[in-house]
Amino acid sequence: MKSAITVLKEQFKHFNLIRRISLYELRNNNNANYLGLAWEIISPVIQIAIYWLVFGYLISGGEGRTIPNPTPGEPDLQFFPWLVSGLIIWMFFQPAATQGAKSIYSRLRLLSKMNFPMSVIPNITIFSKFYPHLILVVLTIILMQVTGYPVSIYMLQLPYFMVATFAFTYAFVLLMTTLTTLIRDIQLLLQATLRMVLYLTPILWVSQGLPDFLKILMKLNPLYYLVEGYRASLMGQNGWYFITSWDYTIYFWVVTAIIFMIGAALHIRFRRHFIDFL
């Protein structure tokens, strides 16, 4: 618990540093491209278009798809906005997790000369991915207006789910970046596992038709909670999801807290020796 508090204090103390360096890193990564920062939006948009083409049309024989509405008596949901509202989370989490996991060991020589805690490094990577995520969320809200899902009162819960997404991502990345620094094979294992996680999360498929025991098994994945929360916020399905699914909300935050405390404890214990693993 003490390690977790220490890491949290370091994030708040160096928040302005995290914000400035993350913006610099975002610009620097796209400096050589003609379209610059626009690629941070163009790339996920292209991926979304591919997933929509494959899972929305080709699989259904070119007739398009609709999704059963979890709210009884309500019309079915259009596949494209349903897909986008869940996929934007993956477009943030996947690169933040893979790049954040190697954020410390890839900068160890530089960090040995810096005078700030290493726990802020994963957060810099996450912040650099969170800015494009904010833009994608705004574009998704606009898309919802065009496709027949206007802003509703349930949109008020969206900031909560965005904070929850950021919190889980940081907890996960803090743990992974420590393990990856100690054991480099973890990075390759993580990349392979995340490819599978995309298809184990109800982003491209519907969970309503699954047997109850499989639903419970799938819900062990915290990303399930976040995806359903975004959809509840953007499309109005499931209403006040974090309240109606209060037991799942508690589970999500317990899992996030446990991952964060384990990650913080390992980080504090080993960070003085990180340079030895260079």
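Quick check: the angle from helix 185-200's long axis to the longest principal axis of the chain, C-alpha only, nearest 10 degrees? The angle comes out near 10 degrees.
In terms of its alpha-carbon gyration tensor, the range 94-214 comes out oblate; a/c meets the 1.5 threshold, while b/c is at least as large as a/b. Ranked by the mean number of other Cβ atoms within 10 Å of their residues, highest first, the peptides 41-47, 228-234, 3-9 fall in the order 228-234, 3-9, 41-47.
Among the listed pairs 2/102; 9/215; 102/219; 129/219, those whose Cα-Cα separation exceeds 31 Å are 9/215. Net charge dipole, the chain: roughly 1300 debye, given to the nearest 20, about the Cα centre with Cβ charges of +1 for Lys and Arg and -1 for Asp and Glu. Taking amide hydrogens as placed 1.01 Å from N in the peptide plane, the amide H of residue 77 sits under 5 Å from those of 67, 69, each at least 5 positions away in sequence or on another chain. Against the chain, whose longest principal axis comes from its Cα atoms, helix 2-13 is set at around 80 degrees. Once the Cα-Cα distance is subtracted from the 0.36 nm per residue extended length, the residue 215 to residue 54 segment shows a gain of 55.5 nm. With all protein chains in place and ligands, DNA and RNA left out, the 1.4 Å accessible area ranks 184, 27, 271, 195 as 195, 27, 184, 271, largest first. Relative to the longest principal axis of the Cα atoms of the chain, the long axis of helix 79-101 makes an angle of roughly 10 degrees. Summed over qualifying helices (DSSP H, 4 residues or more, each -39500 (n - 2.57)) and divided by its residue number, the chain shows a 222 nm mean residue ellipticity of -22000 deg cm²/dmol.
The values are calculated or read from the model by the stated rules, or taken from the named source; none is laboratory data. Because the structure is predicted, anything quoted here is derived from the model rather than measured. All Cβ positions, glycine included, derive from the backbone under ideal geometry; neighbour counts span all protein chains shown. Just the protein is used for accessible areas: all its heavy atoms, side chains included, with ligands, DNA and RNA removed. Shrake-Rupley method; radii C 1.70, N 1.55, O 1.52, S 1.80 Å.
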